[in-house]
Amino acid sequence: MHPLIDVEKQRVAKQYRAQNRIVSIASFAILLIGLLVFLFSGISGGLVAFAENVVSARAVVIFIYFAVLYVFYSVIACPFVYWSGFVIEHRFGFSRQTFRQWIVDWMKSFFIGFILGGIVFEVIYLITQASAHLWWLWLALFMILFSVILANLFPVLILPLFYKTSPLDDTELKQRIQAMCEHVNIPIQGVFSIDLSSKSTKANAAVAGLGNTKRILLGDTLLADYSPDEIVSVLAHEITHFAEHHTWWLVGIQSVVTLVLFYVLYRVYPVLYGLAGFEHVSEIAAFPVFALGFAALTFITKPLSAGVSRYFERRADWGALDLTGDTDSFIGVMAKFCNKQLMIAYPHPLIEWYKYSHPSPGRRIRFAERWQEGQRVQK
């Protein structure tokens, strides 16, 4: 254990993660059972038959089915979302939201999910009916394009619904950021402060958006609780993402994965659908089979996606250290994340391999120490 990491905080962190894990497993089990009951009890087929008796337009039938299923899913999931996102977050001192504020955010998420999910659902069943053999290709291309558009619009349309952002007003910090950007020859497109403190005590920073909406977001909690050198270290990490075009690399790699997943689903769907009593992928009532099949394939490929993400995060760590030369601040940030945000410093290697999108804090600290040792050898 690194001396800057509080051993007692790590004990509490394990409790925090364990409670969230229990909620996650319970919600997965309940939702899975609910989906299977919906499918095999005949409710799914009955809902389609009811909609077809009411209207003849296939697009409207698709919408009715989606709306009922979405509400059904949301009602079942809501208690688990509330427990993990409100109860546990308050229990461990992270959430600053009142119950009313949490409900408002949940309703916003509900309607955003309804709109976006409805679009995707309509496209799935219009494409699968129109193209019996190439639906997997058209669906994959649609999902890739849809994801890119969402990533571009997220900072300007969706994020403002939950948080206020404003241009960073710290002149000295701006100058240090500009100097780093000039050093790696990238035009800075905007550094913004985001009011995370309105909802949480947790600190964070990220690169958000694509193209003309791409920007660096700094939580006001990060600005308040971390030293200028530590903030610059975090920013150097994000600037490296910019400089090395990591977002576009990830989009490209994920696009290939998406194509492969849809093709595999195309190859195996006759067997899966046959087991559930269906023949064609365009059958609306068979959506639970489609969802379960895609979820299973995503589960299998998750370590690949996580590993690719960790690679680019490691590249960004390396870039941050090269830009600042400040290992103490880098290590200080990692230790604070563990102590203040109850991050597990040294998770089980299998858990980190399977699900971590970033290297664990302990590995990142050790990486910084090795980088520092390498610099001393070079000198």
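When region 183-207 is limited to residues that are modelled with pLDDT under 90 and touching a Lys or Arg at 6+ places or on another chain (Cβ under 6 Å), the one that is surrounded by the most Cβ atoms within 10 Å (Cβ to Cβ) turns out to be Phe192. Restricting Val308, Val281 to those that are in a loop (DSSP other than H, G, I, E, B), among the aliphatic types (A, V, I, L, M) and either without any contact (Cβ under 8 Å) to a residue 40 or more places away in the chain or not assigned by TED's automatic domain parsing to the domain that holds Asn212 (or both) reduces the list to Val281. Within region 186-207, one or more residues are outside any helix (DSSP H, G or I) and basic (Lys, Arg).
Just wondering, is there one or more residues in region 234-247 that are surrounded by fewer than 16 Cβ atoms within 10 Å (Cβ to Cβ) and either in the same structural domain as Trp353 (by TED's automatic domain parsing) or touching a Leu at 6+ places or on another chain (Cβ under 6 Å) (or both)?
The initial filter retains those residues of region 234-247 that are surrounded by fewer than 16 Cβ atoms within 10 Å (Cβ to Cβ), namely 245.
Adding the requirement that they be either in the same structural domain as Trp353 (by TED's automatic domain parsing) or touching a Leu at 6+ places or on another chain (Cβ under 6 Å) (or both) leaves 245.
For region 234-247, residues surrounded by fewer than 16 Cβ atoms within 10 Å (Cβ to Cβ) and either in the same structural domain as Trp353 (by TED's automatic domain parsing) or touching a Leu at 6+ places or on another chain (Cβ under 6 Å) (or both): present.
Restricting attention to region 64-91 and to residues that are crowded, with 17+ Cβ neighbours inside 10 Å, farther than 16 Å from Trp106 by Cα and of a type outside the set (A, V, I, L, M), the residue that is farthest from the chain's Cα centre (by Cα) turns out to be Tyr65.
When each of Ile177, Ile186 is tested for being in contact with a strand residue (DSSP E or B) (Cβ under 9 Å, 6 or more places away or on another chain), of a type in the set (A, V, I, L, M) and in contact (Cβ under 8 Å) with a residue 12 or more places away in the chain, the lone residue that passes is Ile177. Out of (1) closer than 30 Å to Glu279 by Cβ; (2) in a loop (DSSP other than H, G, I, E, B), what's the single condition that is false for Ile144? Of everything listed in (1) closer than 30 Å to Glu279 by Cβ; (2) in a loop (DSSP other than H, G, I, E, B), Ile144 misses just condition (2). Just to verify a result, which residue in region 167-184, among those that are of a type in the set (Asp, Glu) and in a loop (DSSP other than H, G, I, E, B), is farthest from Ala320 (Cα to Cα)? Looking at the filtered set, the residue picked out is Asp169.
The values are calculated or read from the model by the stated rules, or taken from the named source; none is laboratory data. All of these numbers come straight from a predicted model, not from anything done at the bench. We place every Cβ from the backbone using ideal geometry, glycine too, and count neighbours over all the protein chains shown.
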